[in-house]
Amino acid sequence: MRKVLLISFFWPPSGKATIHWPLYMAKYLKKYDWQTSVLTVKEDTFSEKDESLMKDVDSAMTIVRTRPNDPFALYRRFIGKKQNEPLVPSETISKKIDNWRYKFAIWIRMNLFVPDARIGWYLSAPKGGKKIIETEKPSVIITIGPPHSTHLIGMKLSKRYKIPHVPVLIDPWVDIAYYREFKRNIATVKLDNYFESSVLHHARAIIFVTKQTREHYILKYPDIENKSHVCYWGYNEESFKNVKKQPKNEETLLHAGNIFDFQNPPNLWKALHREILSGRKLRLKFAGTVSPVIRRAIQEAGLEPFSDFLGFLSYPDVVQEMMNADYLLVCATEPRHVPGKLFEYMRTGNRIIAFGDDNEEVAQLLRVTNSGKIFPYSYHCNDIFERLSQLTPNPEIAKQFSREKIAEELAQILSRSVS
């Protein structure tokens, strides 16, 4: 059995959604003759914990944890939070919080931490990687980003030990969507571009989780076309085993995961309020953090009495909420963005309301499974429920996106990378 070193900042018991792809790739790669070892941090001090994910970690797997050296303990103190008080992701990049401490912290994050606020891990991670490489003798190194500083660690180990490097870009790097809301200085952007270019040109193969992101990067770096691949985010079929709809007295519309300022569909909230005033028994639910702009829009639309803010939930509880919902809300940030939750949404068989400007990839996935419609953020939303009523979602078609099948694709890419 061949071996792979997987470097991921996020790993159970972290509850960060970013861990789901590497976690289940590691689990299913074993089926295709790849044994995984993991380099991660001792503690993710930013995210909530989800102990339920520990059951999917192979007890025989070699896992080495090193100090993250991240700035979030200082950040908490600076903005006035208590040491153990959770941070809210949708607040950390909000431009609508009128507090100079938040604004100054964002400026520091955008301009002084390159490529991201986890660059401090670069100081301790190589030593942990050395330990795994000398004992496990991996044939290839996979790195998961964001945080994209992880790719710099992988490249350093790859060069030192002459092991092929395969970076996985879950989100774009230099021009990730939320950077557009903030001003980064010229020197920072230039350095970030240098890091990105260095990693991609050194890589033996590159994996993107959307087709549009791959196409964007090929336009930027034409010479990476032949070594770039798409492995969709997918979903875990085992998570849906024995999950069934529970009876309830009203319709529900659920948004799972964090929702940010720039994902606000204002006309939807107004349309939902009109439906409720007309006598429809409808409730809005959020499983995850909700940004200040979204909160304010819901209040202004008169929806707050009909909304439940559930906060962070364990993954099994989120899946149950998805299954219980009548409608599922997903907000893409840009044409390259296919939200990971979309694949789980499609698997539920529930109807999906999607927002995204010029996002043909999301539109195509919804058409394939007949599970929903995508609308521009400016859409009036008056006929959304009428249009969705014409759809009959097919969850069986969605099974083509199971992570077990995606792991098979990944295994083939890895085999070609080391041959």
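The values are calculated or read from the model by the stated rules, or taken from the named source; none is laboratory data. Quick caveat, the model's predicted, so the values are computed rather than measured. When we count neighbours, we look across all protein chains shown, and the Cβ atoms used for this are built from the backbone with ideal geometry, even at glycine.
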Original post:
Residues in the range 353-362: is at least one under 28 Å from Ala26 (Cα atoms) and outside the structural domain of Thr210 (by TED's automatic domain parsing)?
Top reply: yes
Subject >> Qualifying positions in the range 269-285 - aromatic (Phe, Trp, Tyr) and buried (at least 22 other Cβ atoms within 10 Å of the Cβ) >> reply: none
**OP:** Please tell me if Val189 is free of Cβ contacts under 8 Å to residues at least 24 places away in the same chain and not charged (D, E, K, R).
**Re:** yes
**OP:** Could you check, for the range 220-235, whether at least one of its residues is on the phi < 0 side of the Ramachandran plot, assigned to a helix (DSSP H, G or I), polar (S, T, N, Q) and outside the structural domain of Ile276 (by TED's automatic domain parsing)?
**Re:** yes
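Residue-by-condition table, conditions (1) surrounded by 14 or more Cβ atoms within 10 Å (Cβ to Cβ); (2) of a type in the set (Phe, Trp, Tyr):
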site: Tyr232; (1), (2): yes, yes
site: Lys248; (1), (2): no, no
site: Glu251; (1), (2): yes, no
site: His255; (1), (2): yes, no
site: Asn267; (1), (2): yes, no
site: Phe312; (1), (2): yes, yes
site: Val319; (1), (2): yes, no
Original post:
Looking at the range 236-271, which of its residues are over 30 Å from Ile206 (Cβ atoms) and either charged (D, E, K, R) or in a strand (DSSP E or B) (or both)?
Top reply: Lys241, Lys244, Lys245, Lys248, Glu250, Glu251, Thr252, Leu253, Leu254, His255, Asp261, Lys270
**OP:** Could you grab me the full set of residues in the range 229-255 that are touching a Lys or Arg at 6+ places or on another chain (Cβ under 8 Å) and either over 18 Å from Ala398 (Cα atoms) or among the β-branched types (Val, Ile, Thr) (or both)?
**Re:** His229, Val230, Asn249, Glu250, Glu251, Thr252, Leu253, Leu254, His255
Subject >> Sole residue being farther than 19 Å from Pro266 by Cβ, out of contact with any strand residue (DSSP E or B) (no Cβ under 7 Å at 6 or more places or on another chain) and hydrophobic (A, V, I, L, M, F, W, C), chosen from Val318, Val338, Val293 >> reply: Val338
Original post:
What about Asp317, is it touching an Asp or Glu at 6+ places or on another chain (Cβ under 7 Å), among the acidic types (Asp, Glu) and over 16 Å from Phe260 (Cβ atoms)?
Top reply: no
Original post:
Any idea which of Lys248, Lys285 is modelled with pLDDT under 95, under 16 Å from Ala325 (Cβ atoms) and either charged (D, E, K, R) or outside the structural domain of Met323 (by TED's automatic domain parsing) (or both)?
Top reply: Lys248
**OP:** Exactly one condition in (1) over 24 Å from Glu48 (Cβ atoms); (2) among the small types (Gly, Ala, Ser); (3) crowded, with 21+ Cβ neighbours inside 10 Å is not met by Ser291; state its number.
**Re:** (1)
Original post:
Any idea which residue in the range 289-310 is farthest from the chain's Cα centre (by Cα), counting only those that are touching a residue at least 60 places away in the same chain (Cβ under 8 Å) and part of a loop (DSSP other than H, G, I, E, B)?
Top reply: Ser291
Original post:
Is there a residue being surrounded by 16 or more Cβ atoms within 10 Å (Cβ to Cβ) and either more than 25 Å from the chain's Cα centre (by Cα) or among the charged types (D, E, K, R) (or both) anywhere in the range 140-148?
Top reply: no
Original post:
For Glu334, are the conditions met, namely being within 22 Å of Lys373 (Cβ to Cβ), at pLDDT below 95 and of a type in the set (Asp, Glu)?
Top reply: yes
